[in-house]
Structures are given as structure tokens and as C-alpha cells.
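One structure is given here, and the rest of the page talks about it.
The values are calculated or read from the model by the stated rules, or taken from the named source; none is laboratory data. All values reported here derive from a predicted model rather than from experimental measurement. Backbone-built Cβ (ideal geometry, glycine too); neighbour counts: all protein chains shown. Heads up: the accessible areas ignore ligands, DNA and RNA and are worked out on the full protein's heavy atoms, side chains in. Shrake-Rupley method; radii C 1.70, N 1.55, O 1.52, S 1.80 Å.
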Amino acid sequence: MRNYLLTLRKEKNLTQKELAQKLDVSESYYNQIENGERQKNMDISLVNRLSLVLEVPITTIIEHENELRRNT
């Protein structure tokens with residue numbers, strides 16, 4: 001599970017549906033990303049959009065993704 005995405009999303013007071021709309025993906029697709037069921041390696045365009053919408057540096061997302069890979 002990508003707990004950091006859950007935390008960032010909640011800090012912005014966004015539901016999964018609202019964030020999915022901002023990312024231009026379906027709610028179910030975003031749910032799978034957040035739960036780690038899809039996008040084991042997120043593509044750079046999605047990472048970029050997450051960075052913009054959640055207002056965090058892209059490096060923050062990459063660091064969390066690298067940490068997830070080290071722990072699996």
C-alpha cells in the first residue's frame with residue numbers, strides 16, 4: 001500500500017474520487033494505485049501529475065517509490 005499517497009491525499013482533504021478526477025484517471029484506477037495493486041512502477045507522467053496536484057516535489061514521490069521497492 002502506498003500510505004504516503006493516502007497521507008498526502010488526506011492532507012489536501014481530497015477523496016479518492018476527487019484526486020482521480022484531478023489526475024484524469026478513473027476512481028477505481030487510482031484506488032488500485034494507492035493500494036499498490038496497479039502501477040508497481042508508476043510512469044513518469046503519473047508521478048508528475050501527482051506532484052502537481054498534491055503540491056509536493058516530484059523527488060518526494062520518487063523517494064517514497066524507491067523505499068517501497070526496497071521493502072518488497
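Of all residues in segment 1-37, those satisfying the criterion of being in a loop (DSSP other than H, G, I, E, B), under 24 Å from ARG69 (Cα atoms) and either of a type in the set (Asp, Glu) or open to solvent by less than 70 Å² (accessible area, probe 1.4 Å) (or both) are ARG2, VAL25, ASN35, GLY36, GLU37.
As an exercise: evaluate LYS40 against (1) modelled with pLDDT of 95 or more; (2) within 25 Å of ARG70 (Cα to Cα) and give the number of the one condition it does not meet. Of (1) modelled with pLDDT of 95 or more; (2) within 25 Å of ARG70 (Cα to Cα), only one is false for LYS40: (1). Among the residues of segment 38-66, those identified as assigned to a helix (DSSP H, G or I), of a type outside the set (Val, Ile, Thr) and under 18 Å from MET1 (Cβ atoms) are LEU46, LEU50, LEU54, GLU63, HIS64, GLU65, ASN66.
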